[in-house]
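Here's the structure we're looking at; comments come further down.
The values are calculated or read from the model by the stated rules, or taken from the named source; none is laboratory data. Since we're looking at a predicted model, the values are computed, not measured. Glycine also receives a Cβ, built like all others from the backbone with ideal geometry; neighbour counts cover every protein chain displayed. The area values use the complete protein model at the heavy-atom level, side chains included, leaving out ligands, DNA and RNA. Shrake-Rupley method; radii C 1.70, N 1.55, O 1.52, S 1.80 Å.
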Amino acid sequence: EGHPSGYSDDLLWLPFVMMSYLKETGQWALLSETAPFAPRPGSEKKETGSLHDHAVRAIEKALTRLSPRGLPLMGEADWNDGLSGAGRGGKGESVWMAHFLIGLLRDWADMTDHAVASKALPAREKARAARYRKAAEKLKTTVNRLAWDGAWYWRATTDDGTVLGSKKSKEGKIFLNAQTWAVLNDVVPPARRKALLDSLEKNLYGPHGPLLLTPAYTTPDERVGYLTRYSPTTRENGGIYMHAAVWALQMECSLGRAKKAWEI
């Protein structure tokens, strides 16, 4: 719809969905279909571009939104809208965004190689594919060096440097998405995978499904965001959020853990 957004992930769901579509169909003509860009503020100039152009502009923009130490900035929030205070000042970081972006960069690079071979994209795009693979590996190294908390990954840092989703956190010690996407996108090293899965089962998996985070926040905290204003275990504040729960199910399926997937 073209609404301006300061959310870190919004612009990446277009290339993510395109990747899913192309994996299923192999219909390379999608890349050359055209669509209008949202008008720039204060400008009446109308621009159009191929969907490939739209997607790579989004990815390139995301690669400019990194903190000084190389993690994606949170911005107004990421997938979890409720983390609306963590990065409002432009310094907070999102570990989940790192996992998300790593997978997208790799997938886009692989797709590009196939599309070039099929002559759906020009050969020069192979240089972009190589750059994206390099960026993915660099980001993987960075997130594993900075954001591993001993048995699971942090979820984010706030503008003042507070870590969210750490064993040192009084509330919000562990977040679901920062673990499931680390597995789905092959970010977690094999030596750490068992600890991560054990942490999921011990802390987040329950009789009604996987919790989005635990323990829930009990006191509103502007540094974190509006999720802390929900009553504990409601919606983003430690509830069972169906969208994220399905990603946990997908993760278990990807590991071949059929019994655990069935339980979820």
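Simple spin-label estimate for Ser118 and Ser5 gives 2.6 nm between the two label positions (7 Å along the Cα-to-Cβ direction from each Cα). Taking the charge dipole of the range 1-98 about its Cα centre, with +1 at Lys and Arg Cβ atoms and -1 at Asp and Glu Cβ atoms, the residue from Gly92, Ser5, Trp28 reaching farthest to the positive side is Gly92.
Considering only Cα atoms, the convex hull volume of the range 43-99 works out to 124 Å³ per residue. Note on the range 50-187: the C-alpha convex hull projects to 8.6 nm² when averaged across all orientations. Scaling the Cα radius of gyration of the range 127-243 by the globular reference 2.2 N^0.38 Å produces a ratio of 1.14. Mean separation of Cα pairs under 8 Å and 6 or more residues apart, divided by the residue count, gives the range 134-264 a relative contact order of 20 percent. Between the amide H of Gly85 and those of Gly225, Tyr226, distances stay under 5 Å, these residues lying 5 or more places away or on another chain, with hydrogens modeled in the peptide plane.
Considering only Ala130, Ala156, Ala248, the Gaussian network model of the chain with Cα springs below 10 Å gives its largest mean-square fluctuation to Ala130. This model, with +1 at the C-beta of Lys and Arg and -1 at the C-beta of Asp and Glu, gives the chain a dipole about its Cα centre of some 860 debye. Under a Gaussian network description of the chain, with springs only between Cα atoms under 10 Å, the residue in Pro72, Pro39, Pro190 that fluctuates furthest is Pro39. With Rg/Rh (Cα atoms, Kirkwood Rh) as the read-out, I listed (i) 1.05; (ii) 1.17; (iii) 0.98; which label goes with the value calculated from this structure? So the calculated entry is the one marked (iii). The mean sequence separation of alpha-carbon pairs under 8 Å and at least six residues apart, normalised by the residue count of the chain, gives a relative contact order of 15 percent. Largest GNM mean-square fluctuation across Thr214, Thr48, Thr234, computed for the chain with C-alpha springs under 10 Å, falls on Thr48.
Taking only the Cα atoms of the range 94-136, the ratio Rg/Rh comes out at 1.07, with Rh defined as the Kirkwood radius. In the context of the full set of protein chains, residues of the chain present 51 Å² of accessible surface per residue (probe radius 1.4 Å, heavy atoms only).
Relative to the Cα centre, the charge distribution of the range 210-264, modelled as +1 at Lys and Arg Cβ and -1 at Asp and Glu Cβ, gives a dipole magnitude of about 140 debye.
Close amide-amide hydrogen proximity is noted between Leu176 and Leu213, each under 5 Å apart and 5 or more residues distant or on a separate chain (H modeled in the peptide plane; Pro and chain starts excluded). Label separation (Lys91 vs Glu60): 3.1 nm, computed from points 7 Å beyond Cα along the C-beta direction. Sequence-distant contacts, meaning Cα pairs under 8 Å at least 6 residues apart, place the relative contact order of the range 1-112 at 27 percent. Split the accessible area of the chain by element, probe 1.4 Å, and carbon with sulfur accounts for 55%.
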